[in-house]
């Protein structure tokens, strides 16, 4: 079946612009996660959605970052007024409730110039 | 101090070698331990999963957890060029959510 998909695969933007990244999780997966992976760094947790519960936003680094999810489907991560330090690969993952395995998408490579 | 420490490498080995990858952690509440493999420009994929202490073997891969030392390892036997990837350890107190990842070790297996 289809895996987690993300778009765009690459995004180059100018400092100060807003960007929107999209994630389509695996159908039926109730949980969805966003991570940031900077060059040479591990995965940094950003936000977690589980069904209709309030999202866990504890990993968002600043109020420039926000994310939405419609029901148990698509999610968008928005970064406002992008900075050069926002350059990274943004990974989305999903899984079924109570399953330990997260399934990752290929990521969106964001470059802020 | 980071919750999870992992040597970023890079690590280069000849084909057929035994590879040892390691992570240490500071939080004794971690109970779920995982290894993810990430090929270049791809998302990570789960390779091994272990709950609590002990060993788990899957083909050429063996995962070990030593909770008393707060140390986990992944061994790859008879390494192949197709094993060339970045290996990330991950751990959690409660399961799949709230995963803490290491920085990843970049492995190259030379034919």
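Some observations on this one:
- Residue match in segment B:5-12 (condition: more than 26 Å from residue A:108 (Cα to Cα) and away from every other protein chain (no Cβ under 14 Å)): yes
- Residues in segment A:44-76 that are part of a strand (DSSP E or B) and within 14 Å of chain B (Cβ to nearest Cβ): A:44, A:45, A:46, A:47, A:48, A:49, A:50, A:56.
- None of B:70, B:56 is surrounded by 13 or more Cβ atoms within 10 Å (Cβ to Cβ) and without any contact (Cβ under 8 Å) to a residue 12 or more places away in the chain except B:56.
For every residue, the table says whether it meets (1) within 14 Å of another protein chain (Cβ to nearest Cβ); (2) in a strand (DSSP E or B).
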residue: B:50; (1), (2): yes, yes
residue: B:56; (1), (2): yes, yes
residue: B:72; (1), (2): no, yes
residue: B:78; (1), (2): no, no
residue: B:82; (1), (2): no, no
residue: B:86; (1), (2): yes, yes
residue: B:98; (1), (2): yes, no
residue: B:103; (1), (2): yes, no
residue: B:107; (1), (2): no, yes
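- Inspection of segment A:48-64 identifies at least one residue that is free of Cβ contacts under 8 Å to residues at least 24 places away in the same chain and crowded, with 20+ Cβ neighbours inside 10 Å.
- Inter-residue pairs, beta-carbon under 6 Å, first within 12 Å of chain B (Cβ to nearest Cβ) and in segment A:24-43, second modelled with pLDDT under 90 and in a loop (DSSP other than H, G, I, E, B), 6+ apart: A:29/A:96; A:30/A:51; A:30/A:72; A:30/A:97
- When residues of segment A:31-41 are limited to those that are over 14 Å from residue A:107 (Cβ atoms) and crowded, with 16+ Cβ neighbours inside 10 Å, the one farthest from the chain's Cα centre (by Cα): A:31
- Of the residues making up segment A:84-113, those that are in contact with a helix residue (DSSP H, G or I) (Cβ under 6 Å, 6 or more places away or on another chain) and at the interface with chain B (Cβ under 10 Å from one of its Cβ atoms) number 0.
The values are calculated or read from the model by the stated rules, or taken from the named source; none is laboratory data. All values derive from a computational prediction rather than experimental measurement. Glycine gets a Cβ as well: all are built from the backbone with ideal geometry, and neighbour counts include every protein chain shown.
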